[in-house]
Amino acid sequence: MKAIEHGYEEQPVLAGSDELEQIEIELLLDGVHRLYGYDFRNYALPSLKRRIWHHVHAENVLTISALQEKVLHDRACFERFVYSLSIPVTEMFRDPGLFLTFRQKVVPLLRTYPYIRIWHAGCSTGEEVYSMAILLHEEGLYDKARIYATDMNERSLQQAKEGVYDISRMKQYTKNYLEAGGTRAFSEYYTAKYNSVILQPYLRKNIIFAEHNLATDTSFNEFNVIFCRNVMIYFNDELRDHVHGLFHESLSRFGILVLGSKESIHFTKYSDCYESLDRVEKIYRNIK
């Protein structure tokens, strides 16, 4: 029965309307947060909406509400959902210019430290973490370094721990490595087996992989370097400010923050806490 208020009939919300879609998304994300503790509610809506609808189709359901039912009642479906939202897109020495600049401008600073703690936040499947391990190894710093590689996605972390990657990607990775200032044959760092490569075990010896959710978890150590590249582009302003606060709390005095090419410390409330070491490659030094 239609509700009548102030002399006119209230129109029903049509399936597929923007209002109904927004309600369904909010209910889905609130349910995931309350049941599983994963908080996607402050992710940027346009990209979040695209990925939710992609997952609706992947699960062979028709609506976001139907997806919510599956996600809340089927743990395997929930894990697939988290994996689809965590954007596992990466490669070794991604954006080689960044790693070359890191060698030139940050490594000399790290040489002055007796011990180096590095946090790769949102490490995905681990390619950039191993890139850092290789870089530090070549610079003679790996033995005094500890790399903490975190992600909220258990499936991605498991692949990162294993250090096994598709052999078809080695040509691109070799190119990236050389452009990033690599000084050896890249093939020294892995063993080929069938259609995969296994990274050398010594690259993992100083890496600690752990689950950590930037939206809900707190600081867990003090770091000399924090890498978080192309993660916050998927957050709204509120969550982005929260994560910048987490990073600032976690960085040592004069610690280094490295962001992605489309990210910046500017226009955040922490912008005056940093000086720029390289504006192009988004490398900043904590000064407050």
Show the residues, 5+ positions off or on another chain, whose built amide H is closer than 5 Å to the amide H of residue 226.
119, 256, 257, 258
May I ask for the percentage of alpha-carbon pairs in the chain that lie more than 24 Å from each other?
56
MRE, 222 nm, helices only [DSSP H, n ≥ 4, -39500 (n - 2.57), over the chain, to nearest 500]:
-11500 deg cm²/dmol
Order 287, 25, most accessible first, counting only protein heavy atoms with a 1.4 angstrom probe.
287, 25
May I ask which of 205/282; 193/282; 70/171; 193/262; 161/282 have a Cα-Cα span longer than 32 Å here?
193/282; 70/171; 193/262
Kirkwood Rh (inverse of mean 1/r, distinct Cα pairs), segment 167-255, angstrom:
16.3
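If Lys and Arg each add +1 and Asp and Glu each add -1, what is the summed charge of the other residues whose beta carbon sits under 13 Å from the beta carbon of residue 176?
Summing Lys and Arg as +1 and Asp and Glu as -1 gives -1.
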Which value in nm describes the separation of the simple spin-label points at residue 288 and residue 236, placed 7 Å from the Cα toward the beta carbon?
2.7
What distance in nm lies between label points placed 7 Å from Cα along the C-beta direction at residue 161 and residue 221?
1.7
Taking amide H atoms as placed 1.01 Å from N in the peptide plane, list the residues 5 or more away in sequence, or in a different chain, whose amide H sits under 5 Å from that of residue 190.
200
Using θ = phi - 60° and Karplus 6.51 cos²θ - 1.76 cosθ + 1.60, couplings along segment 145-152 (whole Hz; Gly, Pro as x)
10, 10, 10, 9, 10, 10, 7, 7
Counting only DSSP beta bridges fully inside the chain, the antiparallel percentage to nearest 5 is 45
Global geometry of segment 75-121, whether rounded, prolate or oblate, following the gyration tensor of its Cα atoms and the 1.5 cut on a/c:
oblate
Near the amide H of residue 149, under 5 Å away, which other amide H atoms are found, from residues 5 or more places off or on another chain, if H is placed in the peptide plane?
120, 208, 209, 210
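The values are calculated or read from the model by the stated rules, or taken from the named source; none is laboratory data. The shown structure was predicted, so the numbers you read here are calculated from the model rather than taken from an experiment. Cβ coordinates were reconstructed from backbone atoms using ideal geometry, including for glycine residues, and neighbour counts include every protein chain displayed. All accessible areas refer to the heavy atoms of the entire protein, side chains included, with ligands and DNA or RNA removed. Shrake-Rupley method; radii C 1.70, N 1.55, O 1.52, S 1.80 Å.
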